[in-house]
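S.K.: Submitted below is the structure of interest, expressed as structure tokens.
The values are calculated or read from the model by the stated rules, or taken from the named source; none is laboratory data. Keep in mind that what you see is a predicted model, and the values were worked out from it rather than measured. Cβ atoms come from the backbone with ideal geometry, glycine included; neighbour counts cover every protein chain shown. Areas reflect the complete protein model, heavy atoms only, side chains present, ligands, DNA and RNA absent. Shrake-Rupley method; radii C 1.70, N 1.55, O 1.52, S 1.80 Å.
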Amino acid sequence: MKRNSNLEMLRIVAMLMIIAHHFTLKSGALLETYGVNQIITIILYIGGKVGSNIFVIIGAYFLIDARSNISRAIKIWGGTLFYSIAIGIPHIALTHNLEVEDIKLLFPVFGEEYWFSSCYISLLMISPLLNALISNVKQELYKYGVIILTVLVSVGPTILPWKTENYINNLLWFIYLYLLIGYLKKYHFF
């Protein structure tokens, strides 16, 4: 498959946005800055959310035409497990503090700790079903479904004070992005 340098550059920008997000979140800068610095910090924080969406959108664009993603899901799970253990065990050894909760090192994609990996692996697992839906639904029904989903998962939570940070809501958002990109790709919007 030929590489698209524009998409590769977009992935790099998305990675930098996510790094900036984690920096502002983990450093405490989000709570300790004021004035212009606080505005910049908030923009950097929001950038991580945008970067995550960019990764899902790029992934969906290519997954729509893919046959099976089980091996890719296993590869992501394995990588997440490796880094969870590689970082977690030295942390436990250095702090001399092993807690019952540390068992999650062995199951990194179940839960909120690695929310993106959890949701993306789930999206990979259900992508064959989504691809069948995209291929077989009529355009008018598909368009109606995308509009309704836009209201339910985007407009509604923006206007109403719903708590949207959990696995199911994040997965539903990924599915929405997948279906939206599927519609745009199938009907030649790009």
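S.K.: For region 120-169, which trypsin sites (Lys or Arg not before Pro) pass both filters: DSSP loop (anything but H, G, I, E, B) and at most 15 other C-beta atoms within 10 Å?
M.R.: Details: sites: K138, K143, K163; in loops: K138, K163.
Taking region 120-169 and a limit of 15 other Cβ atoms within 10 Å, the loop trypsin sites (Lys or Arg not before Pro) found are K138, K163.
S.K.: Please determine, in degrees from 0 to 90 and to the nearest 10, the orientation of helix 36-63 with respect to the longest principal axis defined by the Cα atoms of the chain, where the helix direction is its Cα long axis.
M.R.: 50
S.K.: Now for a different question. Do any chymotrypsin sites (Phe, Trp or Tyr not before Pro) in region 126-170 lie in a loop, going by DSSP, with at most 15 other beta-carbon atoms within 10 Å of their beta carbon, and if so which?
M.R.: W162
S.K.: What whole-number value in Å² describes the accessible area per residue of region 1-53 for a 1.4 Å probe? Mind showing how you got there, number by number?
M.R.: Values: 3970 Å² over 53 residues.
Accessible area per residue, region 1-53: 75 Å².
S.K.: Region 59-120: which GluC sites (Glu not before Pro) are DSSP loop and have at most 13 other beta-carbon atoms within 10 angstrom?
M.R.: Filter output for region 59-120: E99, E112.
S.K.: Using only the alpha-carbon atoms, how far is helix 139-150 inclined from the longest principal axis of the chain? Give it as 0 to 90 degrees, nearest 10.
M.R.: 30
S.K.: Anyone know which of I19, I40, I126 comes out most mobile in the 10 Å Cα GNM of the chain?
M.R.: I40
S.K.: For the chain, with all protein chains present and a 1.4 Å probe, just round the carbon and sulfur fraction of the accessible area to a whole percent. It would help to have the intermediate numbers written out before the result.
M.R.: Values: 8890 of 12700 Å².
Ligands and nucleic acids excluded, carbon and sulfur reach 70 percent.
S.K.: Next question. Can you tally the lysine pairs in the chain where the Cα-Cα distance is under 29 Å and the two residues are eight or more apart, or on different chains?
M.R.: Qualifying lysine pairs in the chain: 23.
S.K.: With a 1.4 Å probe and all protein chains in place, put L160, L177, L141 in order of accessible area, largest first.
M.R.: L141, L160, L177
S.K.: Which option, (i) -0.62, -1.22; (ii) -0.68, -0.91; (iii) -0.60, -0.97, is the value of log10 I(q)/I(0) by the Debye sum over Cα atoms at q = 0.11, 0.16 Å⁻¹ that was calculated from these coordinates?
M.R.: (i)
S.K.: Please give the calculated 222 nm ellipticity per residue for the chain, where each DSSP H segment of at least 4 residues contributes -39500 (n - 2.57) and the sum is spread over every residue; nearest 500 deg cm²/dmol?
M.R.: Value at 222 nm, helices only, nearest 500: -24500 deg cm²/dmol.
S.K.: Along the charge dipole of the chain, which of V137, G88, I42 sits closest to the positive end, that is, farthest toward it, with unit charges on the beta carbon of Lys, Arg, Asp and Glu (+1, +1, -1, -1)?
M.R.: V137
S.K.: Between rounded, prolate and oblate, where does region 69-128 land on the alpha carbon gyration tensor, with a ≥ b ≥ c its root eigenvalues, rounded for a/c under 1.5, else prolate if a/b exceeds b/c?
M.R.: The shape class here is prolate.
S.K.: Another one. Using only the alpha-carbon atoms, what does region 17-109 span along each of its principal axes? Please give whole angstrom values in decreasing order.
M.R.: For region 17-109, the Cα spread along each principal axis is 49, 45, 16 Å.
S.K.: In the Gaussian network model of the chain, springs joining C-alpha atoms below 10 Å, which of I159, I54, I46 carries the largest mean-square fluctuation?
M.R.: Top of the fluctuation ranking is I159.
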